[in-house]
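S.K.: Here it is: the structure, laid out below.
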Amino acid sequence: MSLTEKVEDAYIQVVGNRVTAAATVAKVSSAGPLGLFLESLFSTEQTNPLLTVAYATGFVVTSLIATGYLMETKCGTRTQQYYRRTEKHIKKYNQLKPRVVELWMTHTTENQATYGYCQQQGIYLAAKKHGQLDAFYEAKRKVSRVKIPHF
């Protein structure tokens, strides 16, 4: 696997899957303030302890929720798998067949309001890259129950 493919895979996993991207940002942003909170606990300056505890609680809760989403999305690996699968299909047939996407959405992805998003985002990103969005949206309109928008 070339460096270009590795970088593309990392982009698809972390940024291409918007749920993973949001969870990663939340996780990273909650880690810094938590360190500040711990520093404020051991500093000699006078601070309001209730405010400090409230901030820490918020950051811990944010971090736990973000961790849950990262685990649920498997850090974007399902998005990347469907991206590669769709890309292979497009290269083989020179187009994305809406019927194939319909079958993937109904039989191989978790076609629920939220859980099928990761796989469908991978299909969407590959279709977008190769100019096949019409086929994706046709299939999505017919069979998808996913509520999270693709962009």
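S.K.: For K129 and N94, calculate 0.36 nm times their separation in residues minus their Cα-Cα distance, and state this gained length in nm to one decimal.
M.R.: Computed gain between K129 and N94 is 11.3 nm.
S.K.: Now for a different question. Please give the solvent-accessible surface of V28 in Å², to the nearest 10, using a probe radius of 1.4 Å with every protein chain present.
M.R.: Here the accessible area works out near 100 Å².
The values are calculated or read from the model by the stated rules, or taken from the named source; none is laboratory data. All figures in this text were calculated on a predicted structure; none of them were measured in a lab. These area figures cover heavy atoms from the full protein model, side chains too; ligands, DNA and RNA do not enter into them. Shrake-Rupley method; radii C 1.70, N 1.55, O 1.52, S 1.80 Å.
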